[in-house]
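Written out below as structure tokens is the structure these notes cover.
The values are calculated or read from the model by the stated rules, or taken from the named source; none is laboratory data. Computed from a predicted model, the values in this text were never measured in an experiment. Note that we place each Cβ from the backbone using ideal geometry, even for glycine, and neighbour counts take in every protein chain shown.
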Amino acid sequence: MEIKAETGLEAGFERTAGVEGGIIGGVAGGITGGIPEPPPPPPPPAAPVRVGGNIKPPQKTRDVRPVYPPIAQSARVQGIVIIEATIGPDGVVKDAKVLRSIPLLDTAALDAVRQWVFTPTLLNGVPVPVIMTVTVQFTLQ
């Protein structure tokens, strides 16, 4: 009886058969179907970006003047209400909150700012939401 050395070809393995789902010129033990496509670039940030630096403030395209509350007029209250506005990618004010308050004027200022419309702000050519500070002036006539 004679002992023969194993070559690995005894089980009917053919070098030309390849791997199901493999690609021509592929590597044994490689990824079936080849290398997957790279992922798409990340979407623009969902969170609003703050105006400043390379982020230019949007231009107001619709301005609504605040209605001077009669009680504030009779109390001779005037001044500036400062508001932080979040403007959506479409240029519409999505949120507004008072940063510097004049209690009798805050509601009128917020009501006006929420009706303002701006040009969309672009970041790398894509419209993005932005946060900016706006002032609303109340002056007695």
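Values as computed for the structure displayed
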item: The listed residue being more than 30 Å from Pro41 (Cβ to Cβ) and in contact (Cβ under 8 Å) with a residue 60 or more places away in the chain, out of Val98, Val77; result: Val77
item: Residue selected from the range 84-105 under the condition outside any strand (DSSP E or B) and touching a helix residue (DSSP H, G or I) at 6+ places or on another chain (Cβ under 7 Å), by the criterion surrounded by the fewest Cβ atoms within 10 Å (Cβ to Cβ); result: Leu104
item: Residue within the range 27-48 that is at pLDDT 90 or above, among the small types (Gly, Ala, Ser) and within 30 Å of the chain's Cα centre (by Cα) present; result: no
item: Residue ID - surrounded by the fewest Cβ atoms within 10 Å (Cβ to Cβ), chosen from residues in the range 111-141 that are assigned to a strand (DSSP E or B) and of a type in the set (Phe, Trp, Tyr); result: Phe138
